[in-house]
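Visitor: The following block contains the structure, expressed as structure tokens.
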Amino acid sequence: MRKKFILPLAIFLLMGCATTYDEYSDSLDWYVGEDIQIVLDDKGYPTQIMEIPNGNKVYLYVKAYSGTASRQVSDPSLIEYKYDPSTGKLVNADPLGRTPKRTEYYDVTKSCKTWFEVDESSRVVRYRFEGSGCPEDFNLW
């Protein structure tokens, strides 16, 4: 029963990730051909502005965030043992022989860099983005 629930949930979550990546890309497509002022109005000041060899400018936006995540991990040191008189040995006190779990916390850092290339007439000619935080936080700008 549990496996029947987990597989569809995993597929749904993976589909969601692909969709948000595409949505982020689609949201940036809208800026191509528009004046850079629209990007500035929507996203605020860029992290950096660079001039590139062809005379165009590149506006770089960097978003980074960190937090704490958790996961359940098996921990054999938490096993409680009992004496089994039939075998004369110590055995796992859990009737099913399961290993206890503990919660483990770890730091997570995600970032997204988005570049907008702007021509001499202040029009966005292309964009590029990379990072582990781009698809997930596109609507937080």
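The values are calculated or read from the model by the stated rules, or taken from the named source; none is laboratory data. As the structure is a prediction and not an experimental result, all values here were calculated from the model. Cβ coordinates were reconstructed from backbone atoms using ideal geometry, including for glycine residues, and neighbour counts include every protein chain displayed.
Visitor: Has the stretch 111-122 got any residue that is under 27 Å from Gly33 (Cβ atoms), at pLDDT 90 or above and out of contact with any strand residue (DSSP E or B) (no Cβ under 6 Å at 6 or more places or on another chain)?
Guide: Scanning the stretch 111-122 turns up at least one residue that is under 27 Å from Gly33 (Cβ atoms), at pLDDT 90 or above and out of contact with any strand residue (DSSP E or B) (no Cβ under 6 Å at 6 or more places or on another chain).
Visitor: Continuing with the same structure: Among the residues of the stretch 91-135, which ones are under 30 Å from Ser74 (Cβ atoms), polar (S, T, N, Q) and without any contact (Cβ under 8 Å) to a residue 12 or more places away in the chain?
Guide: Of everything in the stretch 91-135, nothing turns out to be under 30 Å from Ser74 (Cβ atoms), polar (S, T, N, Q) and without any contact (Cβ under 8 Å) to a residue 12 or more places away in the chain.
Visitor: Here's another thing I want to ask about it. Can you pull out every residue in the stretch 77-95 that is β-branched (Val, Ile, Thr) and in contact with an Asp or Glu (Cβ under 6 Å, 6 or more places away or on another chain)? Spell out the reasoning first.
Guide: If we filter the stretch 77-95 for residues that are β-branched (Val, Ile, Thr), which is where we start, we get 79, 87, 91.
If the condition is that a residue be β-branched (Val, Ile, Thr) and in contact with an Asp or Glu (Cβ under 6 Å, 6 or more places away or on another chain), then Val91 is the only one that fits.
This table checks each residue for (1) surrounded by 14 or more Cβ atoms within 10 Å (Cβ to Cβ); (2) without any contact (Cβ under 8 Å) to a residue 12 or more places away in the chain.
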position	(1), (2)
Leu28	yes, no
Gln37	no, no
Lys43	yes, no
Ile49	no, yes
Gly55	no, no
Gly67	no, no
Pro76	no, no
Gly88	no, yes
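Visitor: Could I ask something else about it? Determine which single condition Pro100 fails, assuming it passes every other condition in (1) loosely packed, with under 10 Cβ neighbours inside 10 Å; (2) out of contact with any strand residue (DSSP E or B) (no Cβ under 7 Å at 6 or more places or on another chain).
Guide: If we test Pro100 against (1) loosely packed, with under 10 Cβ neighbours inside 10 Å; (2) out of contact with any strand residue (DSSP E or B) (no Cβ under 7 Å at 6 or more places or on another chain), just (1) comes out false.
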